[in-house]
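Values quoted throughout were computed directly from the atomic coordinates according to the rules given, and no laboratory measurement underlies them. These numbers were taken from a predicted model, which means no experiment stands behind them. Cβ: placed from backbone, ideal geometry, glycine included. Neighbour counts: every protein chain shown.
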Amino acid sequence: MSLTHEPTISPAPSVSPVPPDIPATPEYVAAIERYIARRSFAVLSTVSNGGFPHAAGVAYSAVGDELFVNTIGSSRKARNVASTGRAAVVIPVRRVPVGPPFTIQFQALADVVALDDPQIVALVAAGKLDTITGHGELDEPDGCFLRIRPTGRIHTYGLGVSALAVARDPLHVGARSYVRS
């Protein structure tokens, strides 16, 4: 079968400008930091030097302003972090029993940290990494940690807004961001 004409491709719709940030109150910032500290699952995104993206679900422990992820040194995420020093994180936050979870997302500086690094040894001894080291991770011959430090803006979707407001106007009401101090 041959086509007698070229298919028509519609132009991309215009994108409306991003609404201005909603000022972050100290209470809102504290609430977001509590959400991060109380969660343990995130999607970690990295990119290779060649520009190939990689996203993986990871378990993490939050310690102060840093997140720690246990992994294998030869894993794609560890190789990408070692080569670029960057990552992006999305933390899902389930607030209502139906629909997609709300989210916290940010870009970060990241590095690979050895199992015998003094900071890791101290955190393990203090029990700060128990949630990600309870299944033999510390015995892995190629094991390591990724240390992730958020930079710049923390973006959220749905948090700090009523679920009803998000359901009524999901494109305009749910997104917020603030600069991490």
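Largest GNM mean-square fluctuation across G64, G160, G152, computed for the chain with C-alpha springs under 10 Å, falls on G64. Mean-square fluctuations from a GNM of the chain, with a 10 angstrom spring cutoff on Cα atoms, peak among A167, A59, A82 at A167.
Taking label points 7 Å from Cα along the Cα-to-Cβ direction, A82 and A167 give a separation of 4.9 nm. In this label model, D139 and R180 are separated by 3.4 nm, measuring between points 7 Å along each Cα→Cβ vector.
Over the stretch 41-179, Cα pairs under 8 Å with separation of 6+ residues give a relative contact order of 25 percent.
Max-minus-min Cα coordinates of the chain on each principal axis give 65, 52, 31 Å, with the largest extent listed first. In this structure the amide hydrogen of R180, modeled in the peptide plane, comes within under 5 Å of the amide hydrogens of G152, R153, I154, none closer than 5 places in sequence on its chain. Axis of helix 26-38 versus longest Cα principal axis of the chain: the two differ by about 60°, to the nearest ten degrees. On the beta carbon distance between A114 and A31, with R0 = 35 Å, the FRET formula returns roughly 0.55. When the chain is fully extended, how far beyond the present Cα-Cα distance does D130 get from R38, taking 0.36 nm per residue of separation? Going from the current span to full extension adds 31.8 nm. For the chain, modelled as a Gaussian network with Cα springs under 10 Å, which listed residue fluctuates most, V98, V58, V161? Highest fluctuation among the options: V98.
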